[in-house]
1. Just one of (1) modelled with pLDDT of 55 or more; (2) not in a helix (DSSP H, G or I) trips up residue 68, so point out which.
2. Being surrounded by 10 or more Cβ atoms within 10 Å (Cβ to Cβ) and modelled with pLDDT of 65 or more is true for just one of 55, 33, 17, 10. Which residue is that?
């Protein structure tokens, strides 16, 4: 099993160094882009992500409630 420089714990999760890490690379690009934003834009991104998370949870929370 190869070494993973950025995520040494990946070895214990069974990740192979030869595996496709394009998703991991995309995640790192997104983090870098986020960190390069000015603070006010970061706040907008966080608010947007929180709203998406709330919207995703809403149907599940009310799923067992039948309409009147």
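The values are calculated or read from the model by the stated rules, or taken from the named source; none is laboratory data. Computed from a prediction, not measured in an experiment: that's the story for all the values here. Positions of Cβ are backbone-derived with ideal geometry, glycine not excepted, and every protein chain shown enters the neighbour counts.
1. Just one mismatch for residue 68, condition (1).
2. The conditions single out 33.
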